[in-house]
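Let me begin by presenting the structure, written as structure tokens, before commenting on it.
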Amino acid sequence: MRHRFTCGLPLRSILLAGALTLAPAVGAEAHHGLGQAADPRLSLTKVADAASVDAGSTIGYTIAVTVRGPGNAVRAALTDPLPPGAGVQWQITPSYGGPGGCVLQGPVGSQTLHCAFGTLRQGARAVVHVAGTTTAASCGTYPNTATATARNTPPVSASASTTVVCPPPSPVLSLAKTADAASVSAGDPIGFTVTAHNAGGGDATGVTVSDPLPAGPGITWTIDPANPACSISGEAGSQTLSCSYPDLPAGASDSVHVESPTVFESCGTYGNTATGTSGNGGSAQATAGTTVMCPVMGLGETADAVSVSAGDQIGFTATVDNTGPGTLRGVTLSDPLPAGPGIAWSLSPAVTGCVISGAGADQVLDCEFGDVPSGGAVSAHVVSATTTNSCGTYVNTATAVATNHPTEQASAFTSVLCPAPAAGRTVPDASTTRPGARR
């Protein structure tokens, strides 16, 4: 049988060529019609787990990519730069199970979600969930936009946001109390400073301070300098400091200082606790203490010798010492020196702050020693020449005074001895030749 040709081609070749033209090309996704490729559509949704959460809770988003026909999405992918924030660290949870795979890239603070889905068939859906931790520092709104792409369809984006809510800042009342000094010497003032502070946020309302002040001999408290919010009530021995601050703004402080004089009898330790309260910032206490230390003054008066021969020098040393823990304040010494024939007193050696005034029977040693520290001592030495007319006993009494110690006295004596009279001579009546002792 012979084949018929059309335009030089066998009929079978013409029919086969037509069949190849009508068949779809290998790998084409879908067709709207003969010879035209179909365009799939991507749908992207992004939903926050909650519109807002409290600080410390977890925030999260669910992202879903869906292929809305009529064909398959080739090399479908998702990119989502996750919002940064203080204390926020993102993770994929639960683990993504497909299609394709998802990972987080970048360090904390610039994390990005990347997903590669491969080819997604018409009607396929890929869902991934991300969650981020938060802290009290994470307060704020976290807006987020994800973008889905495919090789054969335009990209689509979706946004969502969530807010981390922090409670309004609360005031926090704190109280501090400090002593002016850990210890003082008797006669020195003691004092305390009480400070109320709002360490939180917002105004602390109705802040009050109450401080029952310590009592003791010679203790009388005053506010120095004056503070219009504070006053002291009660008599000495049962005084109370009271302060009232209607509002104490965030970060603000207010202080009051109280002070009392002391005397020698005030020696001891004074502990003190103040209490602060507020309407919305809680309460607080603070304690401090100070010690009043007493000096112990000693006065010694000694003669250079119990007795000397007429013509020899006589002398006395007056010594003030302090064996107590406190400092002696403002120490002075007064010593009316004993008088007699041929007696003229002088300092030997000279002592700063000491002078002998008067003449003859009216000589007086006066010293201004000032402060004498614990363990310290000061002294003055006086001397006089004698003559054969100076025979007798000389009694000397000194008095020491300090501003923070009771007065002390001390005495000593020395005798000027004259040789026995020659035979046949009358011994003078000693009562008429020996000078009288004078204190």
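The values are calculated or read from the model by the stated rules, or taken from the named source; none is laboratory data. For clarity, every value in this text was computed on a predicted model and none was experimentally measured. Methodologically, a virtual Cβ is constructed for each residue, glycine included, from the backbone with ideal geometry; neighbour enumeration extends over all protein chains shown.
So how many residues does region 28-77 have that are of a type in the set (Gly, Ala, Ser), at pLDDT 90 or above and not in a strand (DSSP E or B)? First the steps, then the outcome.
Kept after step one, since they are of a type in the set (Gly, Ala, Ser), are these residues of region 28-77: 28, 30, 33, 35, 37-38, 43, 48, 50-52, 55-57, 60, 64, 69, 71, 73, 76-77.
From the residues that got through so far, the ones that are at pLDDT 90 or above too are 43, 48, 50-52, 57, 60, 64, 73, 76-77.
Checking the rest, the ones that are also not in a strand (DSSP E or B) come to 50-51, 57.
Of the residues in that region, 3 qualify.
Conditions tested, residue by residue: (1) surrounded by 20 or more Cβ atoms within 10 Å (Cβ to Cβ); (2) hydrophobic (A, V, I, L, M, F, W, C); (3) outside the structural domain of residue 353 (by TED's automatic domain parsing).
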residue	(1), (2), (3)
255	no, no, yes
267	yes, yes, yes
271	no, no, yes
282	no, no, yes
286	yes, yes, yes
289	no, no, yes
310	no, yes, no
325	no, no, no
334	no, no, no
Only one of (1) outside any loop (DSSP other than H, G, I, E, B); (2) surrounded by 16 or more Cβ atoms within 10 Å (Cβ to Cβ) does not apply to residue 340, and that is (1)
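Yes/no per residue for (1) more than 30 Å from residue 262 (Cβ to Cβ); (2) among the hydrophobic types (A, V, I, L, M, F, W, C); (3) in contact (Cβ under 8 Å) with a residue 40 or more places away in the chain:
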site: 331; (1), (2), (3): no, yes, yes
site: 336; (1), (2), (3): yes, no, yes
site: 343; (1), (2), (3): yes, yes, yes
site: 347; (1), (2), (3): yes, yes, no
site: 360; (1), (2), (3): yes, no, no
site: 363; (1), (2), (3): yes, no, no
site: 380; (1), (2), (3): no, yes, yes
site: 395; (1), (2), (3): yes, yes, yes
Residues (farther than 17 Å from residue 343 by Cα and among the aliphatic types (A, V, I, L, M)) located in region 388-405 = 398, 400, 401, 402
Number of the exception - residue 368 against (1) over 14 Å from residue 382 (Cβ atoms); (2) surrounded by 14 or more Cβ atoms within 10 Å (Cβ to Cβ); (3) modelled with pLDDT of 95 or more | (2)
Per the list (1) of a type in the set (D, E, K, R); (2) under 24 Å from residue 199 (Cα atoms); (3) not assigned by TED's automatic domain parsing to the domain that holds residue 197, residue check on residue 247 breaks on (3)
